[in-house]
Structure formats: structure tokens, C-alpha cells
Amino acid sequence: MTAGPRRDRYVAFELAEPGHGREFATGLHAAVASWPKEDRPRLLFIEGRRGLVRCDQFTKDAVVRLLNAMRLPGPTPSVQTLGTSGTIRRARTKYFR
């Protein structure tokens with residue numbers, strides 16, 4: 001049984017503080033540096049407190065756990081996932097109104 005073709009998933013998240021985008025990007029990059037290059041999630045953008053990370057359907061659950069476990073300076077929890085979508089357009093309309 002094969003796993004099938006790669007399908008991108010877009011995980012929307014929200015930061016507790018709007019000014020922590022740079023710290024979040026640095027922390028995400030460091031957390032996934034040991035992952036195989038083809039499996040690494042990629043930060044697409046951050047708008048204010050919300051952002052979007054691209055991954056594939058095989059690593060989606062691990063990325064959600066990673067995002068929810070991230071801690072940045074300030075109140076806890078620092079990052080909260082909002083949901084997952086199969087397209088950027090749907091993620092933007094659903095989580096970035």
C-alpha cells in the first residue's frame with residue numbers, strides 16, 4: 001500500500017502577542033531544522049497576530065502539535081492553531097477575515 005501523492009495543507013495559527021512574529025519564525029525554523037528537507041513545514045506569512053504554515057498531509061498532525069507546543073516570551077500559550085485547510089484561498093477566507 002502506497003502513501004499516495006503529496007498534498008499540501010495550510011495550518012492557520014494565532015500568536016498571543018502581535019509583535020512576536022520574528023521570534024516565532026526563528027523558533028519554527030530552529031524546531032524543524034533536523035526534519036528532512038521535503039517534510040519541513042514552511043512559514044508562508046504572518047499578518048498581525050495570525051499566520052499560515054504550509055506542510056503536507058503526512059506531517060500535518062506533527063506540525064499542529066509543534067505549533068501548539070511553541071513557547072515565546074509572554075503569556076502562555078504563545079501559539080494557538082486555528083485550523084487546517086487544503087488551499088490557501090480557503091484558509092484566508094476562513095481564518096483571516
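The values are calculated or read from the model by the stated rules, or taken from the named source; none is laboratory data. Bear in mind the structure is a predicted one, so any value in this text is a computation, not a measurement. Backbone-built Cβ (ideal geometry, glycine too); neighbour counts: all protein chains shown. For accessibility, only protein heavy atoms count, side chains too; no ligands or nucleic acids. Shrake-Rupley method; radii C 1.70, N 1.55, O 1.52, S 1.80 Å.
Over all Cα atoms in the range 1-46, the spread is summed up by Rg and Dmax: 13.4, 46 Å. If you wrap the chain in the convex hull of its Cα atoms and look at it from every side, the mean projected area works out to 6.4 nm².
Calculate what fraction, in whole %, of the accessible area of the chain sits on carbon and sulfur atoms when a 1.4 Å probe is rolled over the protein chains.
Working: 3020 of 6060 Å².
Accessible surface attributable to carbon and sulfur in the chain totals 50 percent.
In this structure, ALA69 and HIS29 have a Cβ-Cβ separation that, at R0 = 22 Å, corresponds to a calculated FRET efficiency of about 0.90.
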